[in-house]
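Values quoted throughout were computed directly from the atomic coordinates according to the rules given, and no laboratory measurement underlies them. Remember, predicted model here, so these are calculated numbers, not experimental data. Reconstructed Cβ throughout: ideal geometry from the backbone, glycine too, with neighbour counts over all protein chains shown.
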Amino acid sequence: MRPHRIGVFCATTALAIAAACSSFDSDTTSPPPDASDDVVTIDGGVDGGGGGDAEPKPPTCKWDAPWNTPAQIFNLNSDGGQIVAATLTADEQTMVISRLTPPDPIFHLWFSERSDAGKFEKTTRLSGSPLDQVYASLTPNGDRIFYGEYIDGGTYDIRTAARRDGGTFGFEAPSALVQGAGAGTSNEITPFITASGKTLYFTSTSINVAKPTFRIFRTPYPDQGVFGSLVDELSADGGSVSGPLLSPDELTIWFTGGYATDQGIDGEDIYVAHREAVTDKFGTPKPVTELNTPSTREGAGWISPDGCRMYIITDRTGIAFEVFLATRTPTP
């Protein structure tokens, strides 16, 4: 089994590759291409003007505020490959992507750091592993990474690694986190660690390994002995759901939905659901129409702490999956 597109897998010949347990050494750098992306200005709120008054809180965006049309982030995929996931640190200065770069048939994790000009201008590979490594999630300060890795036996499991001290952006040797209930027969992938660091959301096919349908689960973290519980309200009609992304307050979730009623190709669109308290169930999921386009596939990658910027993955260019940035206006 190999990752085929956002949150979805296609059956191919299993790779006969031995598992690697090396640290995440930054070993390969792609040169910056000629294209340049738009500079993202990150508003930190009202500048302090002296005196003893408390600094006003920066404006935020309501969970259901409309999005502007997404714009492509250039410089991340100059080699004509496929980017199936993107995540960032909370300061929006470092991005980690999962990219396949021809002729290499393997997805690897790469990172890019914003330049002094405010652009992502080059990418550097995080690991020399020969295994597929996909769908990473970072803690807000970037001190730990979670991702899915192809394992011997033909499925994916979730790995985690701590940030390496000093030097170039990188991580220590990874360890297994959430294992499939089917002991290697189900896929566990698309992890997302909440801003609090206390809950890990992920996608699994453990409900029905004979006819894989992806479902979203959540589990306490760092309690690695608990597989997790099904977030059943997100897939009430039986369609596949994957790629969970939560707001910092954990009241809003975005994900890729493959609903039976969706008329797009494979039904892969971005959906959103909201709840009033973290102890509540999420409400009825709805498609985010501003982020989806007909006959293309979209997935939510990362949401800024203020809820005003979302990095998404889409194949709307008609060539390959790329990273796009959508913005919206803060609430007065």
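Worth pointing out:
- Sites A277 and A90, calculated FRET efficiency, Cβ-Cβ separation with R0 22 Å, nearest 0.05: 0.40
- Whether region 240-332 is rounded, prolate or oblate, judged on the alpha carbon gyration tensor where a/c under 1.5 counts as rounded: oblate
- Put a dot 7 Å past the Cα of D116, heading toward its Cβ, do the same for A195, and the two dots end up 3.2 nm apart.
- Solvent-free Debye scattering, log10 I(q)/I(0), computed from the Cα coordinates of region 52-201 at q = 0.11, 0.21 Å⁻¹: -0.50, -1.43
- Contour excess over end-to-end distance, with Cα ends at D152 and W63 and 0.36 nm allotted per residue: 28.0 nm
- Distance violations [Cα-Cα > 23 Å] among K57/K198; K198/K281; K62/K286: K57/K198
- FRET efficiency, T185 to L230 (Cβ-Cβ, R0 25 Å, nearest 0.05): 0.90
- Extension gain (nm, one decimal) between T296 and T284, 0.36 nm per residue minus Cα-Cα: 2.0 nm
- In region 66-327, the inverse of the mean reciprocal separation of distinct Cα atoms equals 18.4 Å; this is its Kirkwood hydrodynamic radius.
- Between D249 and T331, full extension at 0.36 nm per residue minus the direct alpha carbon distance yields a gain of 27.9 nm.
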